[in-house]
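The values are calculated or read from the model by the stated rules, or taken from the named source; none is laboratory data. Predicted model, so just to flag it, every value in this text is computed and none were measured. Counting neighbours? That spans all protein chains shown, and the Cβs are built from the backbone with ideal geometry, glycine included. The area values use the complete protein model at the heavy-atom level, side chains included, leaving out ligands, DNA and RNA. Shrake-Rupley method; radii C 1.70, N 1.55, O 1.52, S 1.80 Å.
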Amino acid sequence: TAAGINIPTGKDSLSMTQKYPDGEVVIAPGTVIISAVAEVADIRKTITPALAPVAGTKILYIDFSHDGFKPGGSSFAQVLNLLGNEVPTVKDEAHFAKAFGAVQQLIKEDLVLAGHDISEGGMITALLEMTFSVPGVGIRADVRHWDDDVVRILFSENPGVLVQVRDEQAAAATLSRMGTGYVAIGEVIAERKLHLAAKDSQHTLDVDDLRDTWFRTSYLLDCKQRPTLHAEARFRNYKHQKLEYVFPPAFDGTFKTFGIDPHRRGRTGTRAAIIREKGVNGDREMAYALYLAGFYVKDVHMTDLVSGRETLSDVNLIVFVGGFSNSDVLGSAKGWAGAFLYNPKAKEALDNFYKRPDTLSLGVCNGCQLMMELGLVYPEWKDHPRMHHNASGKFESIFLTISIPENNSVMLQSMAGCTLGVWVAHGEGRFVLPDDRSRFIIAAHYTHDGYPGTPSGSAFSTAALSSKDGRHLAIMPHIERSLFAWNWPYYPAARKADEISPWIETFVNAREWIRKRI
């Protein structure tokens with residue numbers, strides 16, 4: 001194509017049909033689905049739709065279509081139960097390619113603070129969505145540049161983008177050099193309003209009211225997918241459970257501070273083992289986190305332990321990784337636990353490992369469920385807690401924050417006082433614990449008590465438990481999947497150059513503890 005993008009395949013969806021028992025045949029819409037691929041030069045140079053809260057910064061409209069505003073086929077037309085007579089198109093392929101390249105150049109030059117395409121709801125929807133997730137900001141917009149009907153301007157879905165730029169003059173110079181024009185249509189303001197000036201009218205829209213309207217569709221769908229009380233709690237809490245972080249005071253985001261050589265080759269004297277079972281995942285991410293922290297990492301499958309090929313005698317840290325061992329057909333980690341309990345060599349290797357005073361263990365997600373199922377955190381308990389299904393009755397996948405209180409965990413003790421972003425993905429992540437909190441140690445808890453901030457409904461909003469001696473940690477959130485700034489959907493803009501996220505400290509803590517004992 002003119003854009004220089006490789007299109008490996010395309011499919012005429014007219015051939016796709018769904019047949020029903022009563023004989024009805026539903027034919028898919030007459031569209032062509034195209035899969036395209038392109039090289040990404042730097043995955044860290046990403047732009048989100050969320051406005052940077054910098055009052056006075058400009059919002060530019062960059063058109064990709066070279067076509068007039070045409071609301072046909074738009075979301076606005078569908079709301080009115082209309083199709084429309086004219087739909088926007090790309091009239092100049094060469095211009096499209098130049099405009100696309102110009103936006104990439106703006107990003108490369110670090111001139112873009114936020115961006116949003118206008119292909120799903122039009123310019124007005126893009127403007128509003130850029131404000132929704134950022135407290136305390138709004139937009140003063142002006143679309144009088146165009147001598148056209150305000151509805152056509154705001155709701156037509158012509159290919160194009162809105163970008164917030166840190167320096168309009170610098171952006172204008174780059175766009176001019178790349179042969180692309182733009183229209184400055186607004187600026188960021190420190191008020192939760194969208195003030196809109198059109199040719200014959202002025203409008204002031206309340207951002208938070210419209211955000212509720214925007215979210216209500218998701219809420220109505222949510223009511224059909226989970227208990228109504230949970231859907232209502234999500235609708236009530238979604239704008240109050242903020243992603244606000246407290247990083248370790250001395251954290252500078254560099255490998256050097258943690259003694260990390262990301263290009264290290266060869267073995268080290270600090271050994272760890274990834275324990276895997278059929279169906280688990282996350283083992284590569286976990287192995288890499290341990291490697292960065294300075295471990296020599298072994299890959300140990302359950303068949304190695306069951307056969308006796310592996311005894312764990314030469315490792316000081318074992319990690320049970322996340323995933324869906326045995327497809328969770330017997331319940332989360334129950335089949336995996338059985339592989340230890342009913343295979344003498346595997347059980348002996350595990351028992352001997354836990355008897356040693358120079359060992360640590362970590363279980364994440366499915367691995368956390370395994371540790372609880374085997375009673376590895378509090379072996380003295382006859383009624384060791386097991387993980388229960390989420391209170392919502394649904395699998396929960398969400399990026400949220402957890403807070404780390406004062407604790408004795410080898411891996412988390414140094415991070416007390418931190419509140420950090422982390423991924424969660426589980427169906428049975430609910431800690432059901434006795435009322436007597438002196439019996440257990442909460443090493444991390446979800447920052448927000450209500451759903452979905454505490455996605456599982458755990459007692460005391462528990463996210464992780466530590467053994468009494470601090471050596472063994474069972475944690476549901478995926479710290480290994482939150483290792484880099486680009487793993488976080490939202491990472492502080494001022495820290496985007498961080499080479500590593502604060503979660504690396506947990507693994508480095510394990511490294512240092514072991515090195516003092518070997």
(message) Which of rounded, prolate or oblate describes the stretch 255-407 when judged by the alpha-carbon gyration tensor and an a/c cut-off of 1.5?
(response) oblate
(request) Would you pull out the residues with amide H under 5 Å of residue 113's amide H, same chain only if 5 or more places away, H placed 1.01 Å from N? (result) 164, 165, 166
(request) Choose one of 409, 399, 504: the residue whose Cα lies farthest towards the positive end of the charge dipole of the chain (beta-carbon charges +1 Lys, Arg; -1 Asp, Glu; about the Cα centre). (result) 409
(message) Compute the helix-to-body angle for 93-108: its Cα long axis versus the longest principal axis of the chain, expressed 0 to 90° and rounded to tens.
(response) 50 degrees
(message) Report the gain in length on full extension from residue 250 to residue 176: 0.36 nm times residue separation, minus Cα-Cα distance, nm rounded to one decimal.
(response) 22.3 nm
(request) Binning at 5 Å from 0, report for the stretch 301-366 what percent of all alpha-carbon pair distances ends up in each bin. (result) 4, 17, 25, 27, 20, 6, 1, 0
(request) Would you mind checking the radius of gyration and Dmax of the stretch 393-437 based on alpha-carbon positions, in Å? (result) 13.1, 35
(message) Debye calculation, C-alpha points only, no solvent: report log10 I(q)/I(0) for the stretch 357-501 at q = 0.09, 0.11, 0.13 Å⁻¹, in the same order as the q values.
(response) -0.26, -0.39, -0.54
(request) Report, in degrees rounded to the nearest 10, the 0 to 90 angle that the Cα long axis of helix 344-355 makes with the longest principal axis of the chain. (result) 90 degrees
(request) Please list the non-local residues whose amide H lies under 5 Å from the amide H of residue 142, H modeled 1.01 Å from N, same-chain partners needing a gap of 5 or more. (result) 186, 197
(request) Please work out how much length the chain gains when fully extended from residue 168 to residue 200, using 0.36 nm per residue of separation minus the C-alpha to C-alpha distance, in nm with one decimal. (result) 8.8 nm
(message) Please list 403, 397 from largest to smallest accessible area, probe radius 1.4 Å, with all protein chains kept in place.
(response) 397, 403
(message) What value in Å³ per residue do you get for the convex hull of the alpha-carbon atoms in the stretch 135-244?
(response) 164 Å³
(request) Answer with one residue from 340, 287, 297: the one whose Cα lies farthest towards the positive end of the charge dipole of the stretch 280-356, charges on Cβ with Lys, Arg +1 and Asp, Glu -1. (result) 340
(request) Would you grab the residues whose amide H sits under 5 Å from the one on residue 478? Only those 5+ places off in sequence or on another chain, please, with H modelled 1.01 Å from N. (result) 423, 424, 425
(message) Tell me the volume per residue, in Å³, of the convex hull enclosing the alpha carbons of the stretch 416-518.
(response) 129 Å³
(message) Between residue 44 and residue 224, how high is the FRET efficiency from 1/(1 + (r/R0)^6) when r is the Cβ-Cβ distance and R₀ = 41 Å? Nearest 0.05.
(response) 0.60
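Summarise the long-distance tail of P(r) for the stretch 215-286 by giving the % of C-alpha pairs beyond 17 Å.
Numbers: 1851 of 2556 pairs.
Result for the distance tail: 72 percent.
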(message) As I understand it, the value is the acute angle between the Cα axis of helix 283-293 and the longest principal axis of the Cα atoms of the chain; what does it come to in degrees, rounded to 10?
(response) 80 degrees
(message) Using only the alpha-carbon atoms of the stretch 93-189 as identical scatterers, what base-10 log of I(q)/I(0) does the Debye formula give at q = 0.18 Å⁻¹?
(response) -0.91
(request) List the extent of the Cα atoms of the chain along each of their three principal axes, largest first, rounded to whole Å. (result) 79, 63, 47
